[in-house]
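The values are calculated or read from the model by the stated rules, or taken from the named source; none is laboratory data. Bear in mind the structure is a predicted one, so any value in this text is a computation, not a measurement. Backbone-built Cβ (ideal geometry, glycine too); neighbour counts: all protein chains shown.
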Amino acid sequence: MELGEKIALVTGGSEGIGRAIAQALSNEGCKVTITGRRQEALQQTAEELGVHWIAGDVGNEEDAVRTVGSVIEEHGRLDILVNNAGFGIFKPLVELTLEELEGVYRTNVFGTFLMAREAARHFIERGSGELINISSTSSLKGSSGRTAYGSSKFALRGMTECWRDELRRHNVRVMLVNPSEVITDFAAKAGVQRERSDKKLRPQEIADAIVGALKVDSRGFIPEFSVFATNPF
């Protein structure tokens with residue numbers, strides 16, 4: 001698929017992987033809008049990248065409906081939705097609260113659902129569309145301390161499989177991306193210390209992989225792929 005002049009919306013686009021995806025799509029000629037909850041950071045990133053921005057919380061239904069609707073109203077259509085917004089809480093089962101679990105699901109699962117639903121309604125009407133969900137290698141194997149984050153990514157993976165089967169008949173490509181550890185502020189915000197290393201993945205590697213997947217001719221697609229560092233040790 002040619003990416004020039006495509007209309008793209010990237011959630012969680014103010015930093016990290018989302019920012020890199022927005023920049024990569026913009027470099028390919030897409031008209032990109034980023035969204036997120038922190039207006040100041042969002043606006044600054046948008047100005048630096050030369051893209052549009054809409055402040056909103058993907059886990060809030062009104063915000064999700066407004067965000068997708070605003071992009072379609074502004075540009076007349078939406079071609080690509082990248083569901084990147086997400087965060088993690090890493091605690092043992094016996095220390096995790098229901099409020100914390102619900103908070104992670106509100107963004108990682110419910111937020112992705114709301115944005116995908118609104119985009120899918122438009123994609124079905126148009127008979128085409130690209131829906132990309134950013135998951136994690138945590139969706140492939142459970143591990144200690146990841147009840148909230150890991151299970152949210154398992155849920156996202158399951159939803160993606162359902163949507164892929166449902167939307168293919170409408171020429172909508174639904175893809176799932178599982179990044180391994182990427183050098184961002186994600187872990188620090190979750191209270192987890194991670195050693196930074198030049199051998200580990202950068203957001204750019206994830207963005208490059210997504211651009212490559214989108215460039216596959218629209219008669220075919222890559223349903224799911226993981227991105228690992230070659231030698232992070």
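Summary of values
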| read-out | value |
| --- | --- |
| Pick from segment 194-219, criterion within 17 Å of the chain's Cα centre (by Cα) and of a type outside the set (A, V, I, L, M, F, W, C), ranking: farthest from Phe90 (Cα to Cα) | Gly212 |
| Test: Thr97 is at pLDDT 95 or above and more than 19 Å from the chain's Cα centre (by Cα) | yes |
| Residue match in segment 63-70 (condition: of a type in the set (Asp, Glu) and either surrounded by fewer than 19 Cβ atoms within 10 Å (Cβ to Cβ) or not in a helix (DSSP H, G or I) (or both)) | no |
| Any chance Leu156 is in a helix (DSSP H, G or I), over 20 Å from Gly18 (Cα atoms) and modelled with pLDDT of 95 or more | no |
| Test: Asp63 is under 27 Å from Ala155 (Cβ atoms), without any contact (Cβ under 8 Å) to a residue 12 or more places away in the chain and within 19 Å of the chain's Cα centre (by Cα) | yes |
| Scope segment 71-85; condition of a type outside the set (Asp, Glu), out of contact with any Ser or Thr (no Cβ under 6 Å at 6 or more places or on another chain) and either surrounded by fewer than 17 Cβ atoms within 10 Å (Cβ to Cβ) or not in a strand (DSSP E or B) (or both); matching residues | Ile72, His75, Gly76, Arg77, Leu78 |
| Failed item, numbered, when Ile222 is tested on (1) in a loop (DSSP other than H, G, I, E, B); (2) closer than 28 Å to Phe90 by Cα | (2) |
| Residues satisfying the stated conditions in segment 7-23, i.e. assigned to a loop (DSSP other than H, G, I, E, B), touching a Gly at 6+ places or on another chain (Cβ under 8 Å) and not hydroxyl-bearing (Ser, Thr, Tyr) | Gly12, Gly13 |
| Residues of segment 24-60 that turn out to be in a helix (DSSP H, G or I) and either over 17 Å from the mean Cα position of the chain (by Cα) or over 19 Å from Ala116 (Cβ atoms) (or both), as a count | 14 |
| Residues that are touching a residue at least 40 places away in the same chain (Cβ under 8 Å) and outside any loop (DSSP other than H, G, I, E, B), drawn from segment 89-102 | Lys91, Leu93, Glu100, Leu101 |
| Among residues of segment 112-150, those that are under 26 Å from Val68 (Cβ atoms) and either assigned to a loop (DSSP other than H, G, I, E, B) or at pLDDT below 95 (or both), counted | 4 |
